[in-house]
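The structure appears below as structure tokens.
The values are calculated or read from the model by the stated rules, or taken from the named source; none is laboratory data. This one's a predicted model, so the numbers in the text were calculated from it and none came from an experiment. Counting neighbours? That spans all protein chains shown, and the Cβs are built from the backbone with ideal geometry, glycine included.
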Amino acid sequence: MAGSSIGKYFVVTNFGESHGPAIGCVIDGCPPGLALSTVDIQHDLDRRRPGQSKFVTQRNEADAVKILSGVYEGVTTGTPVALLIENTDQRSRDYSDVVRQFRPSHADWSYWQKFGVRDPRGGGRSSARLTAPTVAAGAVARKWLKEALGVTIRARVEAIGTLELPFEDWEEVDKNPFFAANASAIEKASAYLMELRKAGNSIGARVQFEAVGVPAGLGDPVYNRLDAALAYALMGLNAVKAVEIGSGVEASRMNGVAANDQMSAKGFLSNNAGGILGGISSGAPVTGRVSIKPTPSIVTPLKSLDIDGNEIEVVTRGRHDPCVGIRAVPVVEALVALVLMDAALSQRAQCGNLGVPAQALFS
């Protein structure tokens, strides 16, 4: 299927369907000699896994990853790394009503128009279930980036709908069900989501990310800009409707003096550019955010059409996230890791190095 692979040097091909026997990916281009086991991958998958709180889908998947190839005696061999995640808790009967119906704001209509056939079970190939292999591949890239370059990648939910979750401490992200770097607003967020869920509704979210320690020199001018690669990858995440780098939309409200990232012998005095200048990393943290739409799968009746063109009302049953943006955090981290990994290998191929370490740039 066209569009199932990402990367030029670290190529990840994603396969499977939401209610098929398994999902997974093949990584081609992973450098040899990287110590790798399922433990290195499982932690990130567990963070994305469904059913962990009352604020996400209650589909109960273990998401236990298997490494099928590309690793020998605990290290990568340079050959393709195949990762498999079995589906164990499908409830396809929940989708029997929508076999002949198009659910509003889903991929049902567009898949039908393109292919003339679609898998309605959980959305098939268009399901957010397919982000699990992305997270698995991202965990491999994240480990290599950390060990080879000292790069740390992290993300957080900074808003759920109109409820802002101000930054307090990165240590809080894995201590609450919302992936918020915040402790003071969690009770309010819980009440907000419970009210939406009881009303049969859903809400969007905004996720902020940063990659610290990215060396200067990654990315290329014009069409292969690092920021363009990030936008491309992040827009490939289900339900993402906007990607910002650095100050993003806020830059349109700044004047030139405020927007310029002035420099001193100790480093950049601000980071409105989000660590990318002219499409190439500057050594400052690579930062940005993504805006994610509300989960379209809701029990509120919505107007639509069936495959015969009849006007109908659709009620989407099944197990769904009231805010799909919550579980997007580990996926955003994974996609950032995949882009940076590919950019690092591209830099090594063209220039024979992995860029200038961020800590070596300034006195």
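Take the residues in the stretch 214-232 that are surrounded by fewer than 23 Cβ atoms within 10 Å (Cβ to Cβ) and in contact with a strand residue (DSSP E or B) (Cβ under 6 Å, 6 or more places away or on another chain); name whichever of them is nearest to residue 326 (Cα to Cα). Give the steps one after another, and end with the answer.
So the first thing to find is which residues in the stretch 214-232 are surrounded by fewer than 23 Cβ atoms within 10 Å (Cβ to Cβ), and the list is 216-217, 220-225, 228, 231-232.
Still in the list and also in contact with a strand residue (DSSP E or B) (Cβ under 6 Å, 6 or more places away or on another chain): 216-217, 231.
Values: 216: 31, 217: 32, 231: 19 Å.
Selected residue: 231.
Hey, could you check the stretch 12-30 for residues that are hydrophobic (A, V, I, L, M, F, W, C) and either buried (at least 23 other Cβ atoms within 10 Å of the Cβ) or touching a residue at least 60 places away in the same chain (Cβ under 8 Å) (or both) and say which is farthest from residue 342 (Cα to Cα)?
Here the answer is 22.
Taking the options 46, 108, name whichever one is in contact with an Asp or Glu (Cβ under 8 Å, 6 or more places away or on another chain), modelled with pLDDT under 95 and of a type in the set (Asp, Glu).
Criteria check complete, one pass: 46.
Examine the stretch 133-142 for a residue that is in contact with a His (Cβ under 9 Å, 6 or more places away or on another chain) and crowded, with 16+ Cβ neighbours inside 10 Å, and state whether such a residue exists.
Yes, because at least one residue in the stretch 133-142 is in contact with a His (Cβ under 9 Å, 6 or more places away or on another chain) and crowded, with 16+ Cβ neighbours inside 10 Å.
Tell me, yes or no, whether the stretch 179-198 has at least one residue that is assigned to a helix (DSSP H, G or I) and touching a Ser or Thr at 6+ places or on another chain (Cβ under 7 Å).
Yes: one or more hits.
When only residues in the stretch 237-278 that are more than 20 Å from residue 210 (Cβ to Cβ) and touching a strand residue (DSSP E or B) at 6+ places or on another chain (Cβ under 7 Å) count, which is surrounded by the fewest Cβ atoms within 10 Å (Cβ to Cβ)?
241
Identify all residues within the stretch 268-291 that are among the polar types (S, T, N, Q) and farther than 22 Å from residue 205 by Cβ; write none if there are none.
270, 271, 272, 281, 282
Determine the pairs where a residue that is at negative phi and touching a residue at least 12 places away in the same chain (Cβ under 8 Å), located within the stretch 229-240, has a partner that is surrounded by 20 or more Cβ atoms within 10 Å (Cβ to Cβ) and hydroxyl-bearing (Ser, Thr, Tyr) with Cβ atoms under 7 Å apart, the partner being 6 or more residues away or on another chain.
Sorted first by the residue in the stretch 229-240, then by its partner, the pairs are 237/131; 238/131.
Check whether at least one residue in the stretch 212-225 is of a type in the set (Asp, Glu), under 21 Å from residue 333 (Cα atoms) and touching a residue at least 24 places away in the same chain (Cβ under 8 Å), and report yes or no.
No, the stretch 212-225 has no match at all.
Does at least one position in the stretch 114-134 carry a residue that is within 18 Å of the chain's Cα centre (by Cα) and under 23 Å from residue 275 (Cβ atoms)?
Yes, because at least one residue in the stretch 114-134 is within 18 Å of the chain's Cα centre (by Cα) and under 23 Å from residue 275 (Cβ atoms).
Starting from the stretch 274-298, take each residue that is among the basic types (Lys, Arg) and list its partners that are part of a loop (DSSP other than H, G, I, E, B), counting only C-beta distances under 6 angstrom and pairs at least six apart or across chains.
From residues that are among the basic types (Lys, Arg), the pairs are 293/204; 293/239.
Could you grab me the full set of residues in the stretch 316-341 that are within 16 Å of the chain's Cα centre (by Cα) and charged (D, E, K, R)?
321, 327, 333
Which residues, taken from the stretch 183-197, are of a type outside the set (A, V, I, L, M) and free of Cβ contacts under 8 Å to residues at least 24 places away in the same chain?
Result: 184, 187, 195.
Scan the stretch 284-301 and give yes if some residue there is in contact with a Pro (Cβ under 8 Å, 6 or more places away or on another chain) and closer than 22 Å to residue 126 by Cβ, otherwise no.
Within the stretch 284-301, the subset in contact with a Pro (Cβ under 8 Å, 6 or more places away or on another chain) is 295-296.
Filter once more, so that each one left must be closer than 22 Å to residue 126 by Cβ: 295-296.
Yes: the stretch 284-301 contains one or more residues that are in contact with a Pro (Cβ under 8 Å, 6 or more places away or on another chain) and closer than 22 Å to residue 126 by Cβ.
From 173, 157, which residue is outside any helix (DSSP H, G or I) and in contact (Cβ under 8 Å) with a residue 60 or more places away in the chain?
157
So, in the stretch 178-191, exactly how many residues are in contact with a helix residue (DSSP H, G or I) (Cβ under 8 Å, 6 or more places away or on another chain) and over 11 Å from residue 158 (Cα atoms)?
Number of matching residues: 1.
Identify the residue in the stretch 89-105 that is more than 13 Å from residue 304 (Cα to Cα) and small (Gly, Ala, Ser) and, among all such residues, is modelled with the highest pLDDT.
Taking the candidates together, the pick is 96.
Touching a helix residue (DSSP H, G or I) at 6+ places or on another chain (Cβ under 9 Å), part of a helix (DSSP H, G or I) and among the β-branched types (Val, Ile, Thr) - does that describe any residue in the stretch 209-220?
No, the conditions are met nowhere in the stretch 209-220.
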